[in-house]
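A.B. asks: One structure is given below, represented as structure tokens, and several questions about it will come after.
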Amino acid sequence: MHWENEAVRSGGKVGWTGELSWSAVGWAESGGVEDVVSRIAAMDTWGITLEDPEFFANRGWGIKLCRRMRERGVNVLWSAALENEPGRELLREMRLSGCQRLAIRLGREAAGKTFALGRAFGFDMTFADADGAPYSVSRVSYSVAEREEVIRELPGLHAAQFDLAVAYFRAARYDEVMRPLGKAMTLGFPANELCLNLLACLSAAKHYPDVAAGLLDQARYGWPHPVVMRNRKLLRSWLESGGDVKGVRLMLEPEDKASSPS
């Protein structure tokens, strides 16, 4: 899933990503794990980006960081940049600690190995050469069966349950969405706005626009995720123009170009 909230750099520089501002986390190669985890824990957000590949250049340090995040109960979704082969153990620890998306710069052979491992854990991934030239502009996609396989690998991961709920929705298997979505929420999926947005999309698909509108109203509190604001605007304009409620398609996430222009 996509988010546009916080970003973190090892150098401690402040900048922008997406539509919302972000804070920075300092980096110290020796003894810096606790500092990084403490700063992440202090952020009032559910989504961050660890932009500097140095965070995970050392597998042992990266594994320690991820495990410490879990030990302290730091519950955020995050993305990371990688320029070294991570290996299975590091990728598993990253996923369990909340990592959703990887921006990977590797040679083609090394990237192929990482791609196979990343798919096993359900990461969203983009790949580029060392100079930044992308291999493909396409986003990695998963079938329902592949998302179900990730659940078998990581049954207690809330994000994997949420991804499965999204996969069921995309496949128009609407009656199956609530089981993994309910599990994701019970397990503490931190992006409540995205859960409510998925419920709103489901309500719209089942032709309950008033319910969808109410859910989107709830979702706009907290971190105002762009997809929620866009869906509220889309649904409001659709209903005000007298559109057939059976025809409205809300956006599951910003990448859903077929639903509405982003």
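A.B. asks: Could you grab me the full set of residues in region 39-98 that are of a type in the set (A, V, I, L, M), closer than 20 Å to residue 125 by Cα and buried (at least 16 other Cβ atoms within 10 Å of the Cβ)? Break it down into steps so the answer makes sense when it comes.
C.D. replies: Applying the first criterion (of a type in the set (A, V, I, L, M)) to region 39-98 yields 40-43, 48, 50, 57, 63, 65, 69, 74, 76-77, 80-82, 90-91, 94, 96.
Next cut, closer than 20 Å to residue 125 by Cα only: 48, 50, 57, 63, 76-77, 80-82, 90-91, 94, 96.
Within region 39-98, 48, 50, 63, 76, 77, 80, 81, 82, 90, 91, 94, 96 qualify.
A.B. asks: I would also like to ask the following. Please go through region 97-144 and give me each residue that is of a type in the set (Phe, Trp, Tyr) and part of a strand (DSSP E or B), ordered by number. First the steps, then the outcome.
C.D. replies: To start, the set of residues in region 97-144 that are of a type in the set (Phe, Trp, Tyr) comprises 115, 121, 123, 127, 135, 142.
Scanning region 97-144 gives a single hit, 127.
A.B. asks: Tell me which of these residue 152 doesn't satisfy, since it passes every other one: (1) surrounded by 13 or more Cβ atoms within 10 Å (Cβ to Cβ); (2) over 25 Å from residue 207 (Cα atoms).
C.D. replies: So the condition that residue 152 fails would be (1).
A.B. asks: Could I ask something else about it? State which residue is modelled with the highest pLDDT when the search covers only region 221-262 and only residues that are of a type outside the set (Asp, Glu) and touching a His at 6+ places or on another chain (Cβ under 8 Å).
C.D. replies: Within region 221-262, the first condition is being of a type outside the set (Asp, Glu), and the residues that meet it are 221-239, 241-243, 245-252, 254, 257-262.
Next cut, touching a His at 6+ places or on another chain (Cβ under 8 Å) only: 227, 245-246, 254.
Details: 227: 81, 245: 52, 246: 54, 254: 51.
Among them, the one singled out is 227.
A.B. asks: Only one of (1) touching a residue at least 40 places away in the same chain (Cβ under 8 Å); (2) closer than 28 Å to residue 70 by Cα; (3) buried (at least 18 other Cβ atoms within 10 Å of the Cβ) is not met by residue 188, so which one is it?
C.D. replies: (3)
A.B. asks: Report the residue count in region 52-95 for those that are under 23 Å from residue 128 (Cα atoms), part of a loop (DSSP other than H, G, I, E, B) and among the aliphatic types (A, V, I, L, M).
C.D. replies: Going through region 52-95 one residue at a time, the tally reaches 1.
A.B. asks: Could I ask something else about it? Can you pull out the residues in region 32-51 that are assigned to a loop (DSSP other than H, G, I, E, B) and among the small types (Gly, Ala, Ser)?
C.D. replies: Looking only at region 32-51, we keep the residues that are assigned to a loop (DSSP other than H, G, I, E, B), and these are 32, 43-46, 51.
Listed by number, the list holds a single entry, 32.
Listed here are the residues, each with its yes/no results for (1) of a type in the set (A, V, I, L, M, F, W, C); (2) under 22 Å from residue 96 (Cα atoms).
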site	(1), (2)
169	yes, no
175	no, no
189	yes, yes
194	yes, yes
199	yes, no
204	yes, no
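A.B. asks: Looking for whichever is of a type in the set (Ser, Thr, Tyr) and at pLDDT below 95 here; the options are 168, 208. Which one fits? Before you say what the answer is, go through the steps one by one.
C.D. replies: Numbers: 168 fails: at pLDDT below 95.
Checking each option against the conditions leaves just 208.
A.B. asks: Checking the condition under 18 Å from the mean Cα position of the chain (by Cα) and aliphatic (A, V, I, L, M), which residue from 145, 219 passes?
C.D. replies: Numbers: 145 fails: under 18 Å from the mean Cα position of the chain (by Cα).
Criteria check complete, one pass: 219.
A.B. asks: Name every residue in region 156-175 that is assigned to a helix (DSSP H, G or I) and in contact with a helix residue (DSSP H, G or I) (Cβ under 7 Å, 6 or more places away or on another chain), in order of residue number. Let's see the steps before the verdict.
C.D. replies: Residues of region 156-175 assigned to a helix (DSSP H, G or I): 158-170, 174-175.
Passing the criteria: 158, 160, 161, 162, 163, 164, 165, 166, 167, 168, 169, 174.
The values are calculated or read from the model by the stated rules, or taken from the named source; none is laboratory data. For clarity, every value in this text was computed on a predicted model and none was experimentally measured. When we count neighbours, we look across all protein chains shown, and the Cβ atoms used for this are built from the backbone with ideal geometry, even at glycine.
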